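Worksheet: the structure to be examined is printed underneath.
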Amino acid sequence: MTMRTFAYAQPESLADVIAALGAAPSRDAVRPLAGGTDLLTLMKGDIVAPDRLLDLKRLTGLDDTVEIRDNELVLGALTTLTAIETGSLVGEHCPALAKAASLAATPQLRNRATLGGNLLQRPRCWYFREHLIPCWLKGGDACPAREGENGLHALFADSPCVAVHPSDLATVLLAMDATVTVRGDAGERAIAAGDFFVQPDEGRRRENTLGGDEVVLSVAIPLIPGRTSAYHKAMDRKAWAFALVSAACSFRLDGGVMRDVRVVLGGVAPIPWRSTAAEAALDGERPGADVFARAAAAALAGAEPLRHNGYKVHLARNLVIEALEEVTRA
Amino acid sequence: MSTWQVERQEGEDGEVTLSVAEGTPLSPWDAGAALRIVGTPRTRLEGVEKVTGSAQYAYDVRLAGQLYAGILRSPHPHARLTRVDTTAAAALPGVHAVISLADAPDIDWYDDSKLFDPTLRFAGDEVAAVAAEDEDIVADALRLVVAEYEPLPFAIDIVAALAPGATPIHEGGNVESEKTYERGDVEAGLRAADVTFDRVLTTQTAIHHSLEPHGCTVAWEGEGVTVWESTQSIFDVRQQVAEKLGLGESQVRVIKQHMGGGFGSKQIVWKQTVIAALLAKRSGRPVQLMLDREGESLAVGNRNPTRQRLRLGATADGTLTAIDVTIHQAIGAHSAGGEGSNTAGLYQTLYACPNVRTSQTGVYTNTGPAVAFRAPGYVEAAFALETGMDDLARQLGMDPLALRLTNYTGDDQSKEMPFSQPDGLRACYEKATVAFGWGETIEQPAESHRRRGVGIAAHHWVGGAGDPPGYAWVKLNPDGRADIITGTQDIGTGTRTGLAMVAAEELGFTLDQVTFHLGDTALGPYAPVSSGSATMATIGPAIRAAAAEAKAELLAAAAAFLEEPVERLSVRDGLIRVAGEPEDRATPVAAVTGSMSPHMIQTQGARGGNPEDVSIQTFGVQCAEVEVDTRTGEVTILRVVAAHDCGRIINPTTVDSQVIGGVTQGIGFALTEERVVDAATGIVLNANLEEYKVPTVSDIPGIQNVHVGIPDLKANPTGSKGIGEPPLIPTAPAIANAVFDAVGVRFYDLPLSRSRVVDALAARERQGMPA
């Protein structure tokens, strides 16, 4: 489909963008544009129809720098997925993030798509993406996926919406205790990834807590000595598909037992889904098949499968086990 | 040397038709024929044009003043269009023409419908169309069309459409057609069986998704109209456009030089062609109307989903005693026409069996109309029948190959006559299984959750025999080069190259001495639709006939030129040779043709009818090796080996291409491709290439095509049959059987999606079976 008419602007500074966002009559009226790999598809699908796009790619104050700063790996919001996939710093300090980037989309899309946009992308739910269907997330009365074709939908939805979060990177970032730094009219704030992503509710039909006047600046991953991580993703085909289910796990070994354990699932909730129950099952234990199986079971204990997505329970359990095995090997 | 006879025939309704018998007797190229070009691998004549972007597709046409058009589609699967108002759309600056139910001419479409019908029968049905100066204006204008609908009850699948009290989609109800066939006594056969198979199997709706969408560019000149169309049949487009618009056929010119795939979906004329012609007439400008991917997904065909209850019986030695199948297939909202989806055909013919009963029911549903999709019906049937055969083999403790060979037949039992090539399928079994190493132990990965397995499936196919009539012309120019002219079309398969090779072979020319012309109804003689894998077998013999006559005239002219008796002359590599004379005394063709200028040798060849005492079929066998991860349900195809009997292979390169492409589509059909319709709204949820998952290059393994290449001398004088459709037929069952071999789980429903495989493996694990 063809997009509706809109205006395009190239602000000179981030301050101009924040001011313009703050002054916008509604959140959808003025939208920042980076890689555009999600926003433009939403516009072509007539899901959003902004009056004005503000191009972020050439202004001062926002960048694609990847560096180590204060014992953190810091990635600028404009870092492309290709840079995350192939960059040496990410590869050295957070190979699971590089792998997640490599498993996302296609080379063409990864060349264009940015880290910030990847975290903010909207769900791929086919009811949300169909302009003829007024789903709850778009302002409708109810979620049609709950009783509909929900094979791709959530096991853990504390929300009227059962769409799943599509980001591969977000799942890993939660497992790495990353923080997201944003800037708005009131200044800069750093938000733990686990607080950045929040299930949509009546007052906020979105998957994150970014303010209407805020822009993502960067993402920081603390470097914890000895911590390793892994990311496993199941897709309908070998490439160019969003995760049916994915699992990001990380821990460090301290005297042979697991510490700082993180178990995060993708494709099972409207946000990246961290399982503290699974983490508790692993903390202080030696790595091994039995404890991995117990943790995997704990991760899925509260799952509420819909009519067509029960397979995700089995799949998620085994992906957690596979990811934990890989962390152990690393 | 060619014949032409007309016979008057009067039908029961008094209608007189003239039956024409024609053709040129040619000695067949038998297995020992010393051919110099045919059978050698050749790259496509148009390859450079395609990779450099200069090849002109329907979309590439740009005419002075050309407008662009788009279609407004119904958001409801079944509704009455109570009001449509295009005033605001027409008033938008840049809009030059609109059309809708409000002002469309009364043009019949499908069986009982109209070009713009007040009853909309699927989500995606045509409501209105606009032509404007660019595509953005078109989109804006379509949003301004006011359409009001009275929604009606709807049925989107076979079960809903046949349920008591289901909404009738057409006046006569929801059963579109019923066909039955019976030989012997299946109940007695089942009673005599030692092992039986009795299951319901289903196949999904698949979308063709040609790389190039459907569409056309239309320009009027006076009362005549030229249509550049992405089509498998320029002459059918000509006939249909003429009929719908009330023109003579000679007033319609249809051009198609290159095409990015059709796979059956472009073998009929869809509404957008006539809509574009009407918009062009109204606006007085050329109009281009290409569908977007959503339109491709909704309104221009699909592979009909099937539900097949299959019963098989066999004795302890593997002899089939009964095949009984009850087939329901959802044909969508309309009978679209074209090549029928004969799902029952495979059951009647593939295996020797005295007791066979088939029942096939076409069911209307409120979904986009189905149309032929590369081996329609046979792909669906092969999944069910070859799954059942694999199961019987397991029950009997027999090798699946041995079971198939036990039930081999060289006769077409449904037609009660022998196959033209009774050993074709046997050769496929041998070639495929030897190349694959069937029966050899496969190596299992060290990790116990990764299991490998192998599967085999066979097929015959009713197409590939050729579809006469069809014609070709040959001109020998003064410069010694030949023009070959036919009204056929190259739908992306390499037709140009293969047919040019036939011409060069028969003329005794080199391939670069031949210039090939096709794809224009005004400039070439009639050729039929490129469907049923027919083009090579239809037009190849016509070209041979025209070339043979041209060569005879050339040699007669050369005899006069060289003052040699014609019996001593021959043409090879573009040189006229005198028997017994040294090679270096050969005379270039141009010396002869130049000396008779401006007179030229110009001949016509006609494709004679097919023989009536044999059944011409194509055959194939495929073997697949897969790996299944029992933890994640991931299925990886490791390799596919194919062997297909398409008679004499004209161009091995393009035959390999057809097999690679067909197997690729087969892998998509086996694992990922499925149209999804929302039951609550009737809306297609994956009318795009993101959620409708065709295989990517990473999903496709090495595909080995083993050449069979036995000339079918009874089929036609080239000995060649079609290869377009067959390679897709056995792929899905070969894969499903390999999955069973790997993990012991049988799938009765396609596709073997990740969710299905994981569910089945999880269910088995719950039953305490080893993972």
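Only one of these is more than 14 Å from chain B (Cβ to nearest Cβ), in contact (Cβ under 8 Å) with a residue 24 or more places away in the chain and among the hydrophobic types (A, V, I, L, M, F, W, C): A:23, A:29, A:9, A:49. Name it.
A:9
Could you go through region A:100-110 and let me know if any residue there is open to solvent by less than 10 Å² (accessible area, probe 1.4 Å), out of contact with any Lys or Arg (no Cβ under 9 Å at 6 or more places or on another chain), of a type outside the set (Asp, Glu) and not assigned by TED's automatic domain parsing to the domain that holds residue A:312.
Checking region A:100-110: not a single residue is open to solvent by less than 10 Å² (accessible area, probe 1.4 Å), out of contact with any Lys or Arg (no Cβ under 9 Å at 6 or more places or on another chain), of a type outside the set (Asp, Glu) and not assigned by TED's automatic domain parsing to the domain that holds residue A:312.
Output the number of residues of region B:70-118 satisfying the condition of being open to solvent by 20 Å² or more (accessible area, probe 1.4 Å) and in contact with a His (Cβ under 8 Å, 6 or more places away or on another chain).
3
Can you report the number of residues in region B:586-606 which are in contact with a strand residue (DSSP E or B) (Cβ under 7 Å, 6 or more places away or on another chain) and of a type outside the set (A, V, I, L, M)?
7
May I ask you to verify whether residue B:21 is open to solvent by less than 30 Å² (accessible area, probe 1.4 Å) and either under 33 Å from the mean Cα position of the chain (by Cα) or at pLDDT below 95 (or both)?
no
How many residues are under 27 Å from residue A:218 (Cβ atoms) and open to solvent by less than 60 Å² (accessible area, probe 1.4 Å) if we restrict to region A:1-18?
6
Scan region B:131-142 for residues that are touching a residue at least 40 places away in the same chain (Cβ under 8 Å) and either within 12 Å of chain A (Cβ to nearest Cβ) or surrounded by fewer than 24 Cβ atoms within 10 Å (Cβ to Cβ) (or both) and jot them down.
Of everything in region B:131-142, those that are touching a residue at least 40 places away in the same chain (Cβ under 8 Å) and either within 12 Å of chain A (Cβ to nearest Cβ) or surrounded by fewer than 24 Cβ atoms within 10 Å (Cβ to Cβ) (or both) turn out to be B:132, B:133, B:134, B:135, B:137, B:138, B:139, B:140, B:141, B:142.
If residue A:78 satisfies every condition in (1) in a loop (DSSP other than H, G, I, E, B); (2) within 13 Å of chain B (Cβ to nearest Cβ); (3) touching a residue at least 24 places away in the same chain (Cβ under 8 Å) but one, which is the exception?
Status for residue A:78: all satisfied but (2).
Tell me which of these residue A:278 doesn't satisfy, since it passes every other one: (1) in contact with a helix residue (DSSP H, G or I) (Cβ under 9 Å, 6 or more places away or on another chain); (2) under 28 Å from residue A:146 (Cα atoms); (3) open to solvent by 50 Å² or more (accessible area, probe 1.4 Å); (4) more than 9 Å from chain B (Cβ to nearest Cβ).
(3)
Have a look at B:110, B:68 and point out the one that is touching a residue at least 60 places away in the same chain (Cβ under 8 Å) and within 25 Å of residue B:492 (Cβ to Cβ).
B:68
Can you give me the ranges of the strands (runs of 3 or more DSSP E) entirely in region A:206-287 with at least 3 residues that are hydrophobic (A, V, I, L, M, F, W, C)?
In region A:206-287, A:215-222, A:245-254, A:257-266 are the strands (runs of 3 or more DSSP E) which contain 3 or more residues that are hydrophobic (A, V, I, L, M, F, W, C).
Considering every residue within region A:64-74, establish whether at least one is away from chain B (no Cβ under 14 Å), open to solvent by less than 70 Å² (accessible area, probe 1.4 Å) and within 23 Å of residue A:232 (Cβ to Cβ).
yes
Scanning for something acidic (Asp, Glu) and within 14 Å of chain A (Cβ to nearest Cβ), does region B:282-293 turn up at least one residue?
Yes, region B:282-293 contains a residue that is acidic (Asp, Glu) and within 14 Å of chain A (Cβ to nearest Cβ).
Strands (runs of 3 or more DSSP E) wholly in region B:566-668 with at least 2 residues that are within 25 Å of residue B:263 (Cβ to Cβ) and among the polar types (S, T, N, Q) - which ones?
Output list reads B:618-629.
Is it the case that some residue within region A:26-37 is at negative phi, open to solvent by 60 Å² or more (accessible area, probe 1.4 Å) and touching a Gly at 6+ places or on another chain (Cβ under 7 Å)?
Yes, region A:26-37 has at least one match.
Which count do you get for residues in region B:163-184 that are exposed (fewer than 14 other Cβ atoms within 10 Å of the Cβ) and in contact with an Asp or Glu (Cβ under 9 Å, 6 or more places away or on another chain)?
2
Going residue by residue through region B:684-692, is there one that turns out to be under 30 Å from residue B:75 (Cβ atoms), assigned by TED's automatic domain parsing to the domain that holds residue B:436 and without any contact (Cβ under 8 Å) to a residue 12 or more places away in the chain?
Yes, because at least one residue in region B:684-692 is under 30 Å from residue B:75 (Cβ atoms), assigned by TED's automatic domain parsing to the domain that holds residue B:436 and without any contact (Cβ under 8 Å) to a residue 12 or more places away in the chain.
Of B:39, B:65, which residue is exposed (fewer than 14 other Cβ atoms within 10 Å of the Cβ) and either more than 14 Å from chain A (Cβ to nearest Cβ) or under 30 Å from residue B:720 (Cβ atoms) (or both)?
B:65
Somewhere in region A:233-249, is a residue over 16 Å from residue B:634 (Cβ atoms), crowded, with 24+ Cβ neighbours inside 10 Å and in contact (Cβ under 8 Å) with a residue 12 or more places away in the chain?
Scanning region A:233-249 turns up at least one residue that is over 16 Å from residue B:634 (Cβ atoms), crowded, with 24+ Cβ neighbours inside 10 Å and in contact (Cβ under 8 Å) with a residue 12 or more places away in the chain.
Within region B:631-667, how many residues are open to solvent by less than 10 Å² (accessible area, probe 1.4 Å) and facing chain A (nearest Cβ under 9 Å)?
Selection size over region B:631-667: 2.
Looking at region A:163-210, which of its residues are over 26 Å from residue A:151 (Cβ atoms) and β-branched (Val, Ile, Thr)?
Residues satisfying the conditions are A:179, A:180, A:181, A:182, A:191, A:209.
For residue A:73, are the conditions met, namely being touching a residue at least 40 places away in the same chain (Cβ under 8 Å) and touching a His at 6+ places or on another chain (Cβ under 7 Å)?
Yes, satisfied.
Condition check: open to solvent by less than 30 Å² (accessible area, probe 1.4 Å), under 21 Å from the mean Cα position of the chain (by Cα) and more than 14 Å from chain A (Cβ to nearest Cβ). Does residue B:711 satisfy that?
no
When only residues in region A:286-330 that are modelled with pLDDT of 95 or more and of a type in the set (Lys, Arg) count, which is most open to solvent (accessible area, probe 1.4 Å)?
This residue is A:307.
The values are calculated or read from the model by the stated rules, or taken from the named source; none is laboratory data. Please read all numbers here as calculations on a predicted model, not as lab measurements. Because the Cβ atoms are built from the backbone with ideal geometry, glycine has one as well, and the counts that use them run over all protein chains shown. Surface accessibility is based on the protein's heavy atoms, side chains included, excluding ligands, DNA and RNA. Shrake-Rupley method; radii C 1.70, N 1.55, O 1.52, S 1.80 Å.
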